[in-house]
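These notes are about the structure you will find just below.
All of the numbers you see were taken from the coordinates with simple rules; none came from a lab. Worth saying up front: this structure is predicted, and the values here are computed from it rather than measured. FYI the Cβ positions are ideal-geometry reconstructions off the backbone, even for glycines, and counts take in every protein chain you see.
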Amino acid sequence: MAMPKHTALYDEHVADGGRMVEFAGYELPVQYTSLVDEHTAVRTRAGLFDVSHMGEIFISGPGAFDFVQLVSCNDHSKMTIGRAQYTGLMYPQGTFVDDMLVHKLADDEYLLVVNAANRAKDAAYLMGLAADRDGVEVRDESDSWAQLAIQGPLGAEILQPLTSTDLSELKYYTFVFGEVCGHRAMVARTGYTGEDGFEVYTANENAPEIWRAILAEGRPKGLLPAGLGARDTLRFEAGMSLYGNDIDDTTTPLEAGLGWIVKFKKCDYIGRDILEGQKESGLDRKLVGFEMIDRGIARHGYPVYLAESDDDPVGQVTSGTQSPTLGKALGLAYLPIDATEEGTEFIVEIRNRRVAARVVKTPFYKREKK
Amino acid sequence: MNVPADLKYGRTHEWARVEGDVVVVGISHYAQDQLGEVVYVEVPEVGFDATAAEELGTLESVKAVSEYNSPVNGEVIEVNERLEDEPNLVNEDPYGEGWLAKIKGSIEGSDLLEAAAYTAMIEAESA
């Protein structure tokens with residue numbers, strides 16, 4: 001087993017009192033003081049996350065656009081430079097290699113931001129496909145880039161004094177290259193929390209200074225450094241999928257309720273025929289949100305049954321926790337299509353105890369847009 | 001870390017307080033701190049035949065589930081029913097209002113640690 005890696009901000013986390021755990025090959029803080037306080041700070045004020053473990057893979061060359069279109073189920077033909085788009089990196093089976101954010105840097109260059117746990121797999125997959133094609137270069141630059149996420153309603157107010165970029169001009173899912181604390185950085189209005197916020201990409205050596213400056217600017221306004229624990233509960237409430245839990249190489253975007261990232265008015269792409277077939281013939285199962293009726297918290301991997309007396313599970317919980325914002329035990333699970341209608345009751349087995357749950361709408365939490 | 005000197009401790013971070021022929025059981029300050037905000041407590045049934053160093057119930061924080069063990073052998077005679085609505089008592093007052101169960105039995109023969117030995121153990125664990 002390889003030793004876990006440190007991000008450029010490791011010393012900051014230790015100094016800030018972070019409780020370090022191993023995640024996707026990195027030592028990262030699961031929390032600093034309290035998961036719930038950090039979660040609430042992001043929902044009501046702001047939180048600062050180290051997300052340097054995320055992978056940065058660059059696709060460049062005259063064939064870059066066609067290549068991105070080939071591997072992704074979304075349609076990137078309408079993207080202008082400076083736009084970001086969420087999509088799935090597809091296997092021929094129509095299932096996820098990964099989910100990712102595609103950033104258009106130039107007509108012939110794209111940045112794919114991918115999950116840390118999948119980064120080596122993704123890079124190898126993309127390089128394998130690029131080897132057979134002309135005019136495409138794939139570069140995995142993950143080790144050179146640090147990434148900080150400042151998330152929450154006060155994110156813009158806190159970050160603005162530190163950057164020359166006019167953040168009020170930066171729309172949701174757009175980005176610019178500018179300066180933060182005098183260092184070159186890419187500032188994107190994106191995130192994984194369901195709140196307004198920014199993701200700042202910069203060279204590793206600049207990251208500690210930017211981290212400290214955001215904390216100094218933000219703490220008086222109620223910003224807290226936030227760990228992986230809050231990152232997970234925030235994304236879960238906001239209905240954002242987690243690879244390895246809610247989506248993986250056995251699930252398609254249509255089954256995962258991500259039909260909005262599957263486009264058919266575009267060129268042929270990897271997995272397209274399977275997805276089209278699924279769309280035409282209908283799904284067998286679908287990812288749904290649920291709330292517990294009986295007491296208990298459903299967790300990842302717990303089996304689900306259609307009825308109390310059934311012997312065979314029909315699926316399993318993919319994510320589940322006590323929602324800090326809503327104060328309820330909530331979860332996500334794949335259920336047979338007949339059981340996915342809102343209000344349908346089913347059974348979750350929690351450590352040999354069978355308890356009732358009910359299908360509810362997702363996302364569980366949606367921020368009020370100004 | 002708060003480790004009261006008058007209690008005995010299990011290696012899996014439970015405490016035991018002897019009150020006559022009854023042993024009151026809870027989890028340590030260190031354990032609740034490691035777990036984070038407790039949002040759900042599963043206590044045993046009254047009448048449950050508890051075995052030392054075996055599972056007595058579960059505690060859930062937002063991020064994880066953990067089991068807690070019984071520090072002693074004996075029959076559960078009372079459980080802390082307030083925890084159903086106020087699971088955070090385990091965090092706020094782990095040695096007082098956040099107690100988990102009362103077991104009719106004795107610590108005789110149980111492999112429990114004195115406060116000093118338990119303190120040394122958690123210091124080694126968090127070093």
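Quick look at the numbers
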item: Residues (crowded, with 20+ Cβ neighbours inside 10 Å, part of a helix (DSSP H, G or I) and more than 13 Å from the chain's Cα centre (by Cα)) located in the range A:218-229; result: A:218, A:229
item: Some residue of the range A:21-34 being more than 14 Å from chain B (Cβ to nearest Cβ), in a strand (DSSP E or B), of a type in the set (Gly, Ala, Ser) and closer than 30 Å to residue A:269 by Cβ; result: no
item: Restricting the range B:27-78 to residues that are more than 14 Å from every other protein chain (Cβ to nearest Cβ), in a strand (DSSP E or B) and of a type in the set (A, V, I, L, M, F, W, C), the residue that is surrounded by the most Cβ atoms within 10 Å (Cβ to Cβ); result: B:27
item: Residue within the range A:308-330 that is out of contact with any Phe, Trp or Tyr (no Cβ under 6 Å at 6 or more places or on another chain), more than 14 Å from every other protein chain (Cβ to nearest Cβ) and among the small types (Gly, Ala, Ser) present; result: yes
item: The one condition in (1) of a type in the set (S, T, N, Q); (2) within 18 Å of residue A:150 (Cα to Cα); (3) surrounded by fewer than 19 Cβ atoms within 10 Å (Cβ to Cβ); (4) more than 14 Å from every other protein chain (Cβ to nearest Cβ) that residue A:60 fails to fulfil; result: (2)
item: Residues satisfying the stated conditions in the range A:343-370, i.e. in contact with a helix residue (DSSP H, G or I) (Cβ under 9 Å, 6 or more places away or on another chain), assigned to a loop (DSSP other than H, G, I, E, B) and more than 18 Å from residue A:236 (Cβ to Cβ); result: A:344
item: Strands (runs of 3 or more DSSP E) contained in the range A:36-121 and holding at least 3 residues more than 17 Å from the chain's Cα centre (by Cα); result: A:55-60, A:96-106
item: Matching residues, the range B:80-107, being in contact with a Leu (Cβ under 9 Å, 6 or more places away or on another chain) and crowded, with 22+ Cβ neighbours inside 10 Å; result: B:83, B:90, B:98, B:99, B:100, B:101, B:103
item: Test: residue in the range B:1-24 that is small (Gly, Ala, Ser), closer than 30 Å to residue A:328 by Cα and within 13 Å of the chain's Cα centre (by Cα); result: no
item: Single residue of A:61, A:94, A:82, A:135 found to be on the phi > 0 side of the Ramachandran plot and in contact with a Leu (Cβ under 6 Å, 6 or more places away or on another chain); result: A:94
item: Residue in the range A:324-338 that is part of a loop (DSSP other than H, G, I, E, B), touching a Lys or Arg at 6+ places or on another chain (Cβ under 7 Å) and among the polar types (S, T, N, Q) present; result: yes
